[in-house]
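Below is one structure, written out as structure tokens, with a few remarks after it.
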Amino acid sequence: MPASVATRKAVESLREQIRRHNFQYHVLDDPDVPDAEYDRLVWKLEVLEAENPELITSDSPTQRVGAVPVSEFGSVQHAIPMLSLDNAFNEEELRGFHRRVTERLELDLDGDLSYAAEPKLDGVAVSLLYQDGRLMRGATRGDGATGENITHNVRTIDAVPLSLYGQGFPSMLEVRGEVYMPRDGFHAFNEQATKKGDKTFVNPRNAAAGSLRQLDPRLTAERPLDIYVYSVGQVVGGSLPDCHSEILDQLQEWGFRVCPERKRVDGIDGCLAFYEDIGTRRVSLGYDIDGVVYKVDRLAYQRKLGLVSRAPRWAIAHKFPAEEELTVVRDIEFQVGRTGAVTPVARLEPVFVGGVTVSNATLHNMDELHRKDVRIGDTVIVRRAGDVIPEVVKVVADRRPKRTRIVKVPANCPVCGSEVVREEDEAVVRCAGGLFCVAQREEALKHFVSRRAMDIDGLGGKLIEQLVAMDRITSPADLFSLDKDQLIVMERMGEKSADNLLDSIEKSKQTTLSRFLYGLGIREVGEATAGSLAGHYGKLTAIVEADEESLQAVPDVGPIVATRIHQFFGKKYNLEVIQRLIDSGVSWSESDSVPVSRDGALAGKSIVLTGALSGMTRNEAKDRIQAAGGKVTGSVSRKTDFLVAGDKAGSKLTRAQNLGVEVLDEHELQNLLADQ
Ligand code: IVH
């Protein structure tokens, strides 16, 4: 029996609602209904379609994943070639580009020619072809003239509209953009793959490319892919605005995701300011970019400029320094950390990566070293992103020379010669020397004086190393008996800096219990745990005397942490150091330690902060949440109770929404805290 008019209408109305919610969610980043409501609508539509299969259309939101894998990729001729971009690696090259553009357009070099500036996304270029508003074909760029047909895969990306939104679109519209994998999704995907023993991806770009290259769309559908569109190709039977930036606005209205960082800028200064701004925010964008792109905004100018070989004269990519490079491992040595952890470090042929010359990269621990099978002589990929410590990502297998050297765990500490031990269930091996080991002593001191612990300004790593090497200080307590004569003989130490240092040592004596505890460097006791301990007990003596059972009543403290704390205060040496610190005048007022309420408004809740807060600093928010019994963690997972989203919240917000984690704004957080 054919479906009734009422059923047809119901199906149409459901699709309409789902499309609107999709638009709100993917395009505007502003979902208007909870996920559960969205799921209900899709489910209703699925039921109606199952009962009335003749109503199923290929652009129905239920039809993203086709049932059958393709046997091979067909090829696609691009009606208009997909171009590439010329690069500018520095300001001079950018100025050269601007000069050529203004000359050809016969404009004033210092005038304010408008450019559409956008991040250069590091993913895979795709073309999406819409006929009468319906997605007909998705293709890769290929060699620019011929690409591969990946329609079955692009359809599975939720942010790719199957049919366009709104009105007025050309009858044939080809939209181009970059499919990418957001960083959060990439890490989650790799974590899962590692657990299952599956292949992991080296970076989000490879992950996006690999995901689009699946013959079975069900596999692609499981990958967290996203898209930003950045241009149009073929346009027939309709017209578009006459500026690039307005075309992107229009595409957004028709349901495409367009990068929110895009901006129209004027002249070379506008371009440089954009480059600076995006460069400083690069690490927090939530997706990888490798530069920015400037496009002459007016299409009339673009036409006049034309192209050379396969790149337009009207656009250029201004590249950031590469975050990954190839280099050779000269040696693998072992470094000893504050807690005695012996970490393998690769000594590299120096290489310029992430904006600096890198000659050392961490290999994390022995398990990682073995998993990656890094050997002396290997060519490796090193990565340095933002301010993160450079790491060896992987070995380039086909560049392995005939003779390489495999490195084994040393039996003795490379610094103090003590035995190296591996504790059960730990990936880390440790030097058993404790504070006898100069390396551990140095690291413990660096931690003690660090900004978030005792905050002693002017006491850098090099100076600590000198002081330790000369046996001037062996424990933190010795810092407080340093005098000017001892300091002035140190390298690069003048009278003035010696005075300043003594001043800041003196100032640091007035601290908080939580900073003091954190500074002691008890294993497993980070800032949050130190704060919980201080809040719970209020007094140092109470913590020193606490048994393991009592310690476990503190939020954040489990059996392992309780053992570590108990062990630490069980050592006579540690108690002596603490006593000497107190005798030297280190003190805190007891009211500094905000009591942590076990039945506070946020007791036992795990909270993530993201974006900029306006009414309080991050640290204040953290302290107040902890005081209300909550715990602040860095990344969103299923276990997160709330995400507090401030202004310009990025990928964490998206992740929270995807996982169904409750999102609070600053005002709602304030209300919860006020309930105290
Ligand atoms: S425009 C005519 N805009 O860069 C210009 N490309 O080197 C064609 N890309 O294949 C591209 N972000 O994959 C443009 N905002 C952006 C881009 C972008 C990334 C990629 C794209 C293209 C490659 C060109």
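The values are calculated or read from the model by the stated rules, or taken from the named source; none is laboratory data. Keep in mind that what you see is a predicted model, and the values were worked out from it rather than measured. Quick reminder, even Gly has a Cβ in these numbers, built from the backbone with ideal geometry, and neighbours come from all protein chains shown.
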(message) I need the full set of residues from the range 238-254 which are within 20 Å of residue 28 (Cα to Cα) and among the hydrophobic types (A, V, I, L, M, F, W, C), in order please.
(response) 247, 248, 251, 254
(request) Working only within the range 443-468, note down all residues that are in a helix (DSSP H, G or I), surrounded by fewer than 21 Cβ atoms within 10 Å (Cβ to Cβ) and charged (D, E, K, R). (result) 446, 462, 465
(request) Go through (1) under 27 Å from residue 288 (Cβ atoms); (2) at pLDDT 80 or above and name the single condition residue 639 misses. (result) (2)
(request) Residues that are closer than 30 Å to residue 143 by Cα: find the strands (runs of 3 or more DSSP E) completely inside the range 311-372 holding 1 or more of those. (result) 315-319, 324-336, 341-353
(message) Return the residues of the range 254-271 that are charged (D, E, K, R) and either within 14 Å of the ligand (Cβ to nearest atom) or crowded, with 17+ Cβ neighbours inside 10 Å (or both); say none if nothing qualifies.
(response) 257, 261, 262, 263, 264
(request) Output the helices (runs of 4 or more DSSP H) that fall wholly within the range 600-676 and possess 2 or more residues being exposed (fewer than 15 other Cβ atoms within 10 Å of the Cβ), or say none. (result) 618-627, 666-674
(request) Could you pull out every one of the helices (runs of 4 or more DSSP H) wholly within the range 498-594 that has 1 or more residues that are within 26 Å of residue 487 (Cβ to Cβ), in contact (Cβ under 8 Å) with a residue 60 or more places away in the chain and within 36 Å of the chain's Cα centre (by Cα)? (result) 513-519
(message) Residues to consider are 362, 379, 343; find the one that is over 23 Å from residue 524 (Cβ atoms) and modelled with pLDDT of 90 or more.
(response) 379
(request) Would you check if there is a residue in the range 367-388 being exposed (fewer than 13 other Cβ atoms within 10 Å of the Cβ), of a type in the set (Val, Ile, Thr) and out of contact with any Pro (no Cβ under 6 Å at 6 or more places or on another chain)? (result) yes
(message) in contact with a strand residue (DSSP E or B) (Cβ under 9 Å, 6 or more places away or on another chain) and more than 27 Å from residue 206 (Cα to Cα): is that true of residue 78 in this structure?
(response) no
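Each row is one residue, and each column tells you yes or no for (1) buried (at least 22 other Cβ atoms within 10 Å of the Cβ); (2) part of a loop (DSSP other than H, G, I, E, B).
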{"position": "153", "(1), (2)": "yes, no"}
{"position": "161", "(1), (2)": "yes, yes"}
{"position": "167", "(1), (2)": "no, yes"}
{"position": "175", "(1), (2)": "yes, no"}
{"position": "190", "(1), (2)": "no, no"}
{"position": "194", "(1), (2)": "no, no"}
{"position": "200", "(1), (2)": "no, yes"}
{"position": "207", "(1), (2)": "yes, no"}
{"position": "211", "(1), (2)": "yes, no"}
(message) Looking at the structure I just gave you, is residue 240 within 14 Å of the ligand (Cβ to nearest atom) and touching a strand residue (DSSP E or B) at 6+ places or on another chain (Cβ under 9 Å)?
(response) no
(request) Kindly indicate the residue of the range 238-249 that is surrounded by fewer than 18 Cβ atoms within 10 Å (Cβ to Cβ) and at pLDDT 95 or above and also nearest to residue 61 (Cα to Cα) among those meeting that condition. (result) 249
(message) Considering only residues that are among the charged types (D, E, K, R), over 30 Å from residue 348 (Cβ atoms) and within 11 Å of the ligand (Cβ to nearest atom), which ones fall in the range 301-326?
(response) 310, 313
(request) Considering only the range 67-138, give the strands (runs of 3 or more DSSP E) lying wholly within it that have at least 3 residues that are away from the ligand (no atom under 14 Å from the Cβ) and at negative phi. (result) 75-77, 124-131
(request) Quick one: in the range 272-300, of everything that is within 14 Å of the ligand (Cβ to nearest atom) and assigned to a helix (DSSP H, G or I), which residue is surrounded by the fewest Cβ atoms within 10 Å (Cβ to Cβ)? (result) 299
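Yes or no, residue by residue, for (1) within 21 Å of residue 588 (Cβ to Cβ); (2) surrounded by 21 or more Cβ atoms within 10 Å (Cβ to Cβ); (3) hydrophobic (A, V, I, L, M, F, W, C):
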{"position": "530", "(1), (2), (3)": "yes, yes, yes"}
{"position": "534", "(1), (2), (3)": "yes, yes, yes"}
{"position": "539", "(1), (2), (3)": "yes, no, no"}
{"position": "552", "(1), (2), (3)": "no, no, no"}
{"position": "555", "(1), (2), (3)": "yes, yes, no"}
(message) Cβ-Cβ under 7 Å, sequence separation 6+ or interchain: first residue in the range 104-118 and touching a residue at least 24 places away in the same chain (Cβ under 8 Å), partner within 16 Å of the ligand (Cβ to nearest atom) and among the hydroxyl-bearing types (Ser, Thr, Tyr). Which pairs?
(response) 105/301; 115/294; 116/245; 117/294; 118/230
(request) For the range 328-345, state whether one or more residues are over 30 Å from residue 404 (Cβ atoms) and either among the acidic types (Asp, Glu) or in contact with a strand residue (DSSP E or B) (Cβ under 9 Å, 6 or more places away or on another chain) (or both). (result) yes
(request) Residue by residue through the range 1-33, note down the ones that are farther than 22 Å from residue 227 by Cα, part of a loop (DSSP other than H, G, I, E, B), in contact (Cβ under 8 Å) with a residue 24 or more places away in the chain and not hydrophobic (A, V, I, L, M, F, W, C). (result) 2
(request) Mind telling me which of the residues 61, 81, 53 ends up being in contact (Cβ under 8 Å) with a residue 40 or more places away in the chain and either exposed (fewer than 14 other Cβ atoms within 10 Å of the Cβ) or in contact with a helix residue (DSSP H, G or I) (Cβ under 7 Å, 6 or more places away or on another chain) (or both)? (result) 61
(request) Could you list all residues from the range 414-432 that are within 30 Å of the chain's Cα centre (by Cα) and either over 14 Å from residue 334 (Cβ atoms) or of a type outside the set (Val, Ile, Thr) (or both)? (result) 425, 426, 427, 430
